[in-house]
Amino acid sequence: MDTEWKAIIPTLLSGKADMIIAAPSATPVRALSIDFPATTAYYDVSVLVHKDGPVQSLDDVSKPGVKISVMEGSTQH
């Protein structure tokens, strides 16, 4: 079933789904209501920038006016 990211865990807890196949990170708050298996995979977090944009290094991120987009509900948020 298609589910919005913010509804993934509530869908599991309500019984509408029996399993989540996604990449929700284990956090202390999430661990209070759902079980996380042992780590089965590791993945890198990517930072994407426009090749001609104002961010060309991590130091550039703290400059005034730099806008950052993250997925709401992710551990990077």
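Annotation note: Cβ proximity below 8 Å between a residue of the stretch 1-14 that is over 18 Å from Glu72 (Cβ atoms) and part of a helix (DSSP H, G or I) and a residue that is at pLDDT 85 or above and among the hydroxyl-bearing types (Ser, Thr, Tyr) (sequence gap 6+ or interchain) occurs for Leu13/Ser33. Filtering the stretch 28-52 to residues that are surrounded by 10 or more Cβ atoms within 10 Å (Cβ to Cβ) and among the charged types (D, E, K, R) leaves only Arg30. Here Val49, Val29, Val66 are screened, and the one residue that is out of contact with any Asp or Glu (no Cβ under 9 Å at 6 or more places or on another chain) and free of Cβ contacts under 8 Å to residues at least 40 places away in the same chain is Val29. Within the stretch 1-51, the residues that satisfy the criterion of being among the hydroxyl-bearing types (Ser, Thr, Tyr) and within 30 Å of Val61 (Cβ to Cβ) are Ser25, Thr27, Thr39, Tyr42, Tyr43, Ser46. Within the bounds of the stretch 53-61, is there any residue that is part of a loop (DSSP other than H, G, I, E, B), in contact with an Asp or Glu (Cβ under 8 Å, 6 or more places away or on another chain), of a type outside the set (A, V, I, L, M) and surrounded by 11 or more Cβ atoms within 10 Å (Cβ to Cβ)? For the stretch 53-61, residues part of a loop (DSSP other than H, G, I, E, B), in contact with an Asp or Glu (Cβ under 8 Å, 6 or more places away or on another chain), of a type outside the set (A, V, I, L, M) and surrounded by 11 or more Cβ atoms within 10 Å (Cβ to Cβ): present. Residues in the stretch 8-27: is at least one at positive phi and either modelled with pLDDT of 80 or more or surrounded by 10 or more Cβ atoms within 10 Å (Cβ to Cβ) (or both)? The answer is yes; a qualifying residue exists.
The values are calculated or read from the model by the stated rules, or taken from the named source; none is laboratory data. As the structure is a computational prediction, the values presented were derived from the model and not from experiment. So basically every Cβ, Gly included, is an ideal-geometry build from the backbone, and we count neighbours across all protein chains shown.
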